[in-house]
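Heads up, the thing below is written out as C-alpha cells.
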Amino acid sequence: LEEIIKNYVEIPTVTIDAEFEITVPTPNGIEIIKEALIRARDRANEEQGIEVKFSYLGAPRYRIDITAPDYYKAEEVLEKIASEILQVIKQAGGEASLMRKEKKIRKIKRREA
C-alpha cells in the first residue's frame, strides 16, 4: 500500500522567487558575495522539504528560488536567507537589497523506479 501511495500521490509544492542586488566595493567583493550566498543556501537546505537555488543574473543581481511544501514555510525561509545575506554583506561594508516576485504553485508527482 505504501508503495502505491508513493507512486500515485501528488505532493503540492510552492515556489517563490526574489532578486537580490548585492554590491561589495572591496577587492575581494565577489568572494564575500559567494560566501554570503553559499552560507544562506546551505543553512536553508538543512530543513526538511526545502530546496533553495541561486542564479546569477548579471552584476549586481542574483535570483533566488525557494521550493517548499507551503507558501508560509517558503516565506519563512526567504526571511532567514535575506537576514543572513544582509548581515554578511553589511559586515563586509557592502550593500544588499531584496526585490520580490510573485509565487508559483505546481504539483510534483512522485514515482519510484
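Since every read-out is calculated from the coordinates, none of them should be taken as a lab result. Bear in mind that the values here come from a model prediction, so they are computed numbers and not experimental data. Methodologically, a virtual Cβ is constructed for each residue, glycine included, from the backbone with ideal geometry; neighbour enumeration extends over all protein chains shown.
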Exercise for review: Note the angle between two axes, namely the Cα long axis of helix 29-45 and the longest principal axis of the Cα atoms of the chain, as a number of degrees from 0 to 90, rounded to the nearest 10.
Suggested key: 30
Check your understanding: For Cα extents along the principal axes in Å, the choices are (i) 58, 24, 22; (ii) 62, 35, 21; (iii) 42, 40, 18; which was calculated from the structure?
Key -> (i)
Review point. For helix 71-91, what angle does its Cα long axis make with the longest principal axis of the chain, in degrees from 0 to 90 and rounded to 10?
Key: 20
Point to revise | Charged-residue dipole, Cβ positions (Lys, Arg, Asp, Glu), the stretch 12-108 about Cα centre, Debye nearest 20 | key: 280
Exercise for review: Please give the length that would be gained between Glu2 and Glu47 if that part of the chain were fully extended, namely 0.36 nm times their separation in residues minus their C-alpha to C-alpha distance (nm, one decimal).
Suggested key: 13.8 nm
**Study point:** Calculated FRET efficiency for the pair Val9/Ile30, C-beta based, R₀ 41 Å, to 0.05
**Key:** 0.40
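Once the piece of chain linking Gln91 and Thr23 is laid out straight, how much longer is it, given 0.36 nm per residue of separation minus the C-alpha distance between them?
Values: separation 68, 0.36 × 68 = 24.48 nm, distance 1.23 nm.
Gain in length upon complete extension: 23.2 nm.
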Check your understanding: If you keep only loop residues by DSSP, which GluC sites (Glu not before Pro) in the stretch 13-99 have at most 13 other Cβ atoms within 10 Å of their Cβ?
Key -> Glu46
